[in-house]
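The values are calculated or read from the model by the stated rules, or taken from the named source; none is laboratory data. Just so you know, these numbers come straight off a predicted model, no measurement behind them. Here the Cβ positions follow ideal geometry from the backbone for every residue, glycine too, while neighbour counts run over all protein chains shown.
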Amino acid sequence: MKRWNAVLCAVLLPVLLVSASCGTVLSKDKLLEIIPEDINTLNASHFIYAEERNFTVSPGMLENLHEWLLELDVERKEKFKDGEYPGQTIDGGESYDFRTPDGMTLFSFQDLGPDERYLVLDGEWYRLRGASSPPVQEHEGSESPAARRPMVMVDGALYLDTGRESPMGASAAISGEICSSTGVTELPTENGQSNFGFVGSRYVLEDETLYVNMDGKWIIFEQEAQQDKPPMLMVDGILYRSTGRGSAVHNRCGTLDGEITSSVDGAKLPAENGQSNFGTGFGYQFGSNDTIEVYMPEGEDCFRWIIFEPYSK
């Protein structure tokens with residue numbers, strides 16, 4: 001009997017030790033305490049490809065950041081030898097540092113790839129499971145724009161990186177490949193365009209989920225929430241959005257600068273020149289201050305010149 005007790009202890013003790021450490025790596029209370037209650041703004045730095053951008057986290061963004069912290073799925077605390085840390089041999093990656101207005105660092109987020117995302121708190125590295133980037137971006141008065149969430153445009157819709165890898169890969173046939181890329185602070189505006197590079201990477205579109213092959217891994221991208229967008233059109237590669245304001249121009253030239261020739265669903269972004277998300281056949285003229293004025297319906301029986309301005313999400 002003593003022998004079986006010894007065997008049971010040898011088998012169960014490691015399990016009990018592991019169980020005791022799981023699920024309590026960082027409690028919700030600890031995550032809630034990361035940002036002090038009396039702080040209503042933060043200073044932040046965003047590092048991507050050796051480029052640094054500094055900006056201020058406004059009170060509105062701070063609320064989103066609180067929620068993001070509480071939703072983090074902390075897998076475990078990592079242990080490294082003195083002087084070593086993840087990403088030392090990785091060329092690239094990105095990170096965010098968050099500091100109080102008086103310069104005290106509160107925490108950092110390190111993104112070294114879909115399976116290599118960490119919360120750095122008080123010098124300790126915590127591996128995260130399926131974490132997205134912090135929901136912060138540049139606002140007026142910031143030094144430079146912050147990077148957007150990685151995304152791809154396919155069939156006029158935007159698909160956003162979830163940070164998750166598909167365990168089964170992509171089961172359907174290849175749908176296409178990323179053929180161009182815009183800057184990390186920009187929205188893709190063409191089909192097959194990303195804002196994170198990887199030109200030439202193949203993707204599979206299956207049941208409104210996009211799987212993108214990135215370094216041999218199929219990363220899951222989910223379609224942007226489907227809701228009707230404001231009236232928009234694309235001209236000369238630039239997206240314009242309706243301001244809802246009528247033009248004050250009276251002595252107007254009678255020659256149109258162009259006409260809308262194709263249209264997509266109202267929940268999608270136009271992706272081709274001369275394309276709108278509200279119909280075809282409407283003429284437009286270039287206005288002042290980089291605007292476009294479109295002659296379009298306003299109500300059932302009324303047409304009016306409506307001002308459109310460059311769109312930045």
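Computed quantities for the displayed model
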item	result
Which numbered condition ARG241 misses (of (1) surrounded by 14 or more Cβ atoms within 10 Å (Cβ to Cβ); (2) part of a loop (DSSP other than H, G, I, E, B))	(2)
Subset tally (residues that are more than 19 Å from GLN137 (Cβ to Cβ), within 18 Å of the chain's Cα centre (by Cα) and modelled with pLDDT of 75 or more) for the stretch 74-112	1
Every pair of residues 6+ apart whose Cβ atoms lie under 8 Å, when the first sits in the stretch 124-138 and is of a type in the set (Lys, Arg) while the second is part of a strand (DSSP E or B) and modelled with pLDDT under 85	ARG127/GLU78
Extreme residue, modelled with the highest pLDDT, among residues of the stretch 125-164 that are surrounded by fewer than 17 Cβ atoms within 10 Å (Cβ to Cβ) and of a type in the set (Asp, Glu)	ASP155
Extreme residue, modelled with the highest pLDDT, among residues of the stretch 165-206 that are among the acidic types (Asp, Glu) and part of a loop (DSSP other than H, G, I, E, B)	GLU190
Verdict on PHE198 being without any contact (Cβ under 8 Å) to a residue 24 or more places away in the chain, out of contact with any helix residue (DSSP H, G or I) (no Cβ under 9 Å at 6 or more places or on another chain), surrounded by 14 or more Cβ atoms within 10 Å (Cβ to Cβ) and not charged (D, E, K, R)	yes
Residue that is farthest from ALA172 (Cα to Cα), among those in the stretch 207-227 that are of a type outside the set (A, V, I, L, M) and not in a strand (DSSP E or B)	GLN227
Conditions (1) part of a loop (DSSP other than H, G, I, E, B); (2) free of Cβ contacts under 8 Å to residues at least 60 places away in the same chain; (3) not small (Gly, Ala, Ser): number failed by ARG304	(1)
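A quick yes/no check of all residues on (1) of a type in the set (D, E, K, R); (2) in contact with a Phe, Trp or Tyr (Cβ under 8 Å, 6 or more places away or on another chain); (3) in contact (Cβ under 8 Å) with a residue 40 or more places away in the chain; (4) surrounded by 15 or more Cβ atoms within 10 Å (Cβ to Cβ):
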| residue | (1), (2), (3), (4) |
| --- | --- |
| ASP207 | yes, no, no, no |
| LEU210 | no, yes, yes, yes |
| ILE219 | no, yes, yes, yes |
| GLN223 | no, yes, yes, yes |
| LEU233 | no, yes, yes, yes |
| ALA248 | no, no, no, no |
| CYS253 | no, no, no, no |
| VAL264 | no, no, yes, yes |
